[in-house]
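Structure record follows, encoded as structure tokens.
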Amino acid sequence: MDVGELLSFQPGKPNLKRRGDDRDESDVLDGVKAKRERSRGKEQQKVENTSSLTEEQQLEIAKMMEQEPVGPSLDDAALRKMILNFEKKVFRNQEMRIKFADQPEKFMDSELELNDAIQELHVIATIPEMYHHLVELNAVKSFIQLVSHENVDISIAVVDLLQELTDVDILTENEEDAGILIDALLEEQVVATLITNLERLDDNVKEEANGMHNTLGITENILELAPDSCAEVAQQNLMQWLLKKLKPKSCRSLLGDSDGIDALLQQLAANFERGRTSTYEPDAQTISTFREKKQSRFSALKVMNHAVTGPNAVDNCMKFIEILGLRNIFPLFMKTPKKQKKGPSEMEHEEHICAIIAALLRNCSGTHRQRLVGKFQETDHAKVDRLIELHFKYTERARLREGDIIDDNQEDDYYMRRLDAGLFTLQLVDFIILELCCNSGINSIRDRVMKLLNMKEVSHSIRGIVREYAGSIGDANSEEEGEQERVNLMELVEKAQELVGLFVQSMFHKDDPFFFLFFFARCSNPILHRRVRDLLYANGNASCLIYL
């Protein structure tokens, strides 16, 4: 049975028949069933006898019935007595089940009495102004406990009672007392208990299908009477159960035929629009997802990337560090998660990770920035080594190859292909490198970067990549912010150019220029070569230029 059939199902009254131990319990129930059949036969005979009366006799009987005095209504004392009797039956059944756990024939009578007590309570559904007695005498707690009763028939009977007690047509007549009952049910997490109970019900059994239908009815009634509780109810495993029931293809087709897809899309659109205007702050739960090997990890990275680069970037970056985000992001930086069958690629992971680190360097200051920069000094500058590794990796992927561009008309197309190959990640990595070398104030990081760059026999220009990055920055948040970002990047490029000269000068030995020449003999950076020539001329060693 799928969700559509459950929602359209018309339940009958539950039959108290315990599954399991059929041999013992059936003997007990046979007498009860026989008595009910005899009573039903007598009632049917009365009806047949009545049908044989003349019209005048029937009118006379109807008149006598109208003149019959109405019995006394249920007052507070009688109601409290009924509830206390119910509690007494609950306690009696628990006691007998514990005492005769392996002898169901001895506690079956107590369950029949308990079922009768539950059926008597249905009368309360007609007088919602007395619902407060159910709360005051803790009957609501007993109802929730009985939902998980070992005997499924008792559980179904209680669910049927709760469905009547929460009927919308009755409760709307007395909203104040209805609110007392609904609040008490929500406080006891009734939905969570009901959903847990659904797991043991079989929708192929008529009585249990009744219980499933009534369970959904209770949930629907609560949401209609207390719409503010939707989020709370959804968190009590209701959504998981509904999604599980929607897995069969027939259910998905039913959802489409009943315009359910349109309703879901409208809800998603409303949430998306609300999300565009709202601001997100980093939280520990999202950050802890970084270490979980689940598909939600990549979604958490995307959300965090948006948070630290959006309108409240400065505050969010500070909070990210305060809630120990660094210890969760850098393990992913050092070792990119492997691509799963239907998951994101390694390049997508590295793009978001580098974007978060770049945003932290751009927006953090004070002790927060010190904590961030200090991470790159740990373990003998292992994270600096990883930066340079990513630089060379994406330089190779996005570099300009001979013959790639034939004329100027293809330049835009080629730039887009470079972006697809990882150019944006390369720009972020090179920005991080320049920021650490120029603005961190830590010489060991700068020396490590220069040493690693000059060990490679490849042509590269970090400054050129960052300059290109500055030229491609748009005005995402505002025109002023975009212009300021471009200015900051160009200043960083100028600092990097000065830094190259300072590095060369610090490595130059006036008394032993051949040592310096040997160090740079395999360097392919034209800027370093030009700076070396200038220093050799300035120090009277122009004759050494032959070695360059």
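The values are calculated or read from the model by the stated rules, or taken from the named source; none is laboratory data. Not measured: the values here are computed from a predicted model. All Cβ positions, glycine included, derive from the backbone under ideal geometry; neighbour counts span all protein chains shown. Protein only, heavy atoms only, side chains kept; ligands, DNA and RNA dropped before computing areas. Shrake-Rupley method; radii C 1.70, N 1.55, O 1.52, S 1.80 Å.
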Would you check the accessible area of residue 322, probe 1.4 Å, heavy atoms only, in square angstrom rounded to 10? 110 Å²
Provide the solvent-accessible area of residue 324, counting protein heavy atoms only and rolling a 1.4 Å probe, rounded to the nearest 10 Å². 80 Å²
In the neighborhood of residue 117, defined by Cβ-to-Cβ distances under 11 Å, what is the net charge if each Lys or Arg adds +1 and each Asp or Glu adds -1? -2
For the pairs 339/495; 302/338; 302/383; 338/393; 393/451; 89/141, note any where the Cα-Cα span goes beyond 26 Å. 339/495
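Accessible area, 1.4 Å probe, largest first: how do 292, 175, 120 sort? Can you show the working numbers first?
Working: 292 70, 175 135, 120 95 Å².
Greatest to least solvent exposure: 175, 120, 292.
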Take 338, 294, 319, 245 and sort them by solvent-accessible surface of the protein heavy atoms, 1.4 Å probe, largest at the top. 338, 294, 319, 245
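Which order do 76, 169 take by accessible area at a 1.4 Å probe, largest first?
On the way: 76 75, 169 115 Å².
The ordering from most to least exposed comes out as 169, 76.
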Any chance you could tell me what percent of the C-alpha pair distances in segment 119-186 go past 19 Å? 26 percent
Taking the highest mean first, how do the peptides 131-139, 223-231 order by number of other beta carbon atoms within 10 angstrom per residue? 131-139, 223-231
With a 1.4 Å probe and every protein chain left in place, tell me how much accessible area residue 170 has, in Å² to the nearest 10. 50 Å²
